[in-house]
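Following: one structure in structure tokens, then a few remarks.
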Amino acid sequence: VAKRKRRVIEVEVTQEVQASIDVVQWNYFDAEHLMPVHGGYQSVEILYEDGHNSLTTATVKIPIFKFLRLSTVMFVSMIDQNTQVTYARQLGVWSKTEIVCHRLEVDKTRITMNYQFLLEGWKIGLAPFLRRLIPKWNDQVWKEDLELKLRRQMVTDWGFRDFLGFVNDDAGQQQDQLNKEVRQLILPIRRPSDTPVNQNPLRISTPRRTAVRNL
Ligand SMILES: [Fe+2]
């Protein structure tokens, strides 16, 4: 039996942002912003997550064919403190996205985003189309996320801490010292219990927590 022909389409995009690596990585793991901020997402539910990995279902609109809806499953894993990988399958096509963050300065980060799509059979014909589409789609998503990253960097600099608020007074500074870990990125990200992304009946959450810096 002849092996089915297949071909990998690869596109790599590099960006820099005036935000810390923690802010950049927080943005990637903040599932709650996907629906309100990125026009493409119709629904997002996390099925499973622990300190390293997550499995998420989503319904997305396809760029250009915005009348179409497709459901996808995403597996995301933090493989070292700088690198996350996402495997997803959309319309029968597997994709792998590897995102590497480099700390350039305390509040400056370089991000390399490598997209690979595994095309099989007749779908190999979609290669030129995908090659043009991926950078455009990346650019749109980058712009949608940029404001969130810059705003979080700004409020973090002003003393904002998740679930604590602003900690600028003396008592707050002391508490902030005691809660140093809250300034590190801990996975999974803490969310209010009624968050829409945690409502899937099959959801499992484990007590495992990981500081990304320690990976
Ligand atoms: Fe985003």
With a 1.4 Å probe and every protein chain left in place, work out the accessible area per residue of the chain in Å², rounded to a whole number.
58 Å²
Expressed as a percent, the accessible surface of the chain that is carbon or sulfur, using a 1.4 Å probe and the full set of protein chains, is 55 percent
For the chain: lysine pairs with Cα atoms under 26 Å, gap of 8 or more or different chains, count?
25
Please build a GNM for the chain, connecting alpha carbons under 10 Å apart, and tell me which residue among Ser54, Ser193, Ser20 fluctuates the most.
Ser193
At q = 0.12, 0.14, 0.15, 0.18 Å⁻¹, the log10 of I(q)/I(0) for the chain from a Debye sum over equal Cα scatterers comes to -0.70, -0.94, -1.07, -1.49
For region 1-120 the translational diffusion coefficient, Stokes-Einstein from a Kirkwood Rh over Cα pairs at 25 °C and viscosity 0.890 mPa s, in µm²/s, is roughly 156 µm²/s
If you place +1 on the Cβ of every Lys and Arg and -1 on the Cβ of every Asp and Glu, how big does the dipole about the Cα centre of the chain come out, in debye to the nearest 20?
1340 debye
Please check: in the Gaussian network model of the chain (C-alpha springs, under 10 Å), which one of Ile46, Ile189, Ile204 has the largest mean-square fluctuation.
Ile204
Consider all pairwise Cα distances in region 59-139 and report the whole-number % of them above 17 Å.
57 percent
Could you please put Arg103, Arg191 in sequence from largest to smallest accessible area, using a 1.4 Å probe?
Arg103, Arg191
Per the helix-only calculation at 222 nm, which mean residue ellipticity applies to the chain, given -39500 (n - 2.57) for every DSSP H run of n ≥ 4 and division by its residues, nearest 500 deg cm²/dmol?
-8000 deg cm²/dmol
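The values are calculated or read from the model by the stated rules, or taken from the named source; none is laboratory data. In this text the structure is predicted, and so the values were computed from the model without any measurement. Note that we place each Cβ from the backbone using ideal geometry, even for glycine, and neighbour counts take in every protein chain shown. These area figures cover heavy atoms from the full protein model, side chains too; ligands, DNA and RNA do not enter into them. Shrake-Rupley method; radii C 1.70, N 1.55, O 1.52, S 1.80 Å.
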